Amino acid sequence: MRRYHPGPGRAVRLVCFPHAGGSASFYHPVSAAHGAGADVICLQYPGRQDRRREPCHTSVAALADAIVAELRTLGEKPTVFFGHSMGAILAFETALRLERDGGGPRTVIASGRRAPSTARAETVHDRDDDGVIAELKRLNGTVPGLLGDDEILRMALPAIRADYEAIETYRGLPGARLRAGITVLTGYADPLTTADEAAAWERHTEGPFRLTGFPGGHFFIAAQQHAVNAEIAADLAAARRPGVEAVR
């Protein structure tokens, strides 16, 4: 877990879940935008950056279990989860586990990902290195300098491939539902999520549901940072109200 703008005394918490191949630093701008009013936690999965020597997880279940163990070390606080792409599914699965123990976030913000009950046949993790790199370029989600630095990119590929295996082999339970609300953010031109697949998230909550579309593709959140931050701010404001659950 990383705190780029420490605020452990804040009234609410925001937990950020990176995309496949992503790292905690991807959410530094989100932390900067909300760190004054929230305790912003950016998750760092094994196998990248300062955790690069740790073995990567190749299943969503294993990653979610590990994240739950880390979050339980934090004090109780009204919480919002924000995850992009694979991070949206991890946020959902983590919330499910916490709710089984009587805790969980107030809201899960699922960005750039179809609902858990939808499925596609995807095999990027089975491609050779050039095939994986081609997918990264297609989605335009990697830091531009990384794609131009072959040595650094080759070092990052094991973690990227492991993440792709985790998310591409994931199959959500059709009837899985959260007590927490779900906010869905989607790019109008996202090749990985159709409008119907984004709307299907509503089947996975017993709480409030909101869906907002944005211009752009899979990584619309980069170009629409201000608007995305406004959505996050709205859910953090709701979490500050009395009578919310805390992660425990």
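The values are calculated or read from the model by the stated rules, or taken from the named source; none is laboratory data. If you're wondering where the values come from, they're calculated on a predicted model, not measured in any experiment. For neighbour counting, all protein chains shown are included, and Cβ atoms are generated from backbone atoms with ideal geometry for every residue, glycine included. These accessible areas exclude ligands, DNA and RNA; they are computed on the full protein's heavy atoms, side chains included. Shrake-Rupley method; radii C 1.70, N 1.55, O 1.52, S 1.80 Å.
Structure notes:
- Among residues of the range 102-127 being assigned to a helix (DSSP H, G or I) and open to solvent by less than 40 Å² (accessible area, probe 1.4 Å), the one that is modelled with the lowest pLDDT is His125.
- Among the helices (runs of 4 or more DSSP H) confined to the range 128-217, the ones with at least 3 residues that are more than 23 Å from Tyr27 (Cα to Cα) and at pLDDT below 85 are located at 129-139.
- Residue check for Asp50: more than 12 Å from the chain's Cα centre (by Cα), over 21 Å from Arg72 (Cβ atoms) and among the acidic types (Asp, Glu): yes
Every residue, every condition in (1) modelled with pLDDT of 95 or more; (2) polar (S, T, N, Q); (3) in a helix (DSSP H, G or I); (4) open to solvent by less than 20 Å² (accessible area, probe 1.4 Å), yes or no:
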position: Gly47; (1), (2), (3), (4): no, no, no, yes
position: Asp50; (1), (2), (3), (4): no, no, yes, no
position: Arg53; (1), (2), (3), (4): no, no, no, no
position: Ile67; (1), (2), (3), (4): yes, no, yes, yes
position: Glu70; (1), (2), (3), (4): no, no, yes, no
position: Gly75; (1), (2), (3), (4): no, no, no, no
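- Residue that is most open to solvent (accessible area, probe 1.4 Å), among those in the range 13-24 that are farther than 17 Å from Ala95 by Cβ and not aliphatic (A, V, I, L, M): Gly21
- Scanning the range 190-221 for residues that are of a type outside the set (D, E, K, R), open to solvent by 70 Å² or more (accessible area, probe 1.4 Å) and either under 21 Å from Glu99 (Cα atoms) or out of contact with any Phe, Trp or Tyr (no Cβ under 7 Å at 6 or more places or on another chain) (or both) yields a count of 3.
- Among the residues of this structure, Arg10 does not count as one that is of a type in the set (Lys, Arg), under 30 Å from Leu157 (Cβ atoms), open to solvent by 10 Å² or more (accessible area, probe 1.4 Å) and in a loop (DSSP other than H, G, I, E, B).
- Cβ-Cβ contacts under 6 Å between residues 6 or more apart (or on different chains), taken from a first residue in the range 167-190 that is closer than 13 Å to His218 by Cα and in contact (Cβ under 8 Å) with a residue 12 or more places away in the chain to a second residue that is surrounded by 14 or more Cβ atoms within 10 Å (Cβ to Cβ) and of a type in the set (S, T, N, Q), are listed as Leu185/Ser111; Leu185/Thr212; Thr186/Thr193.
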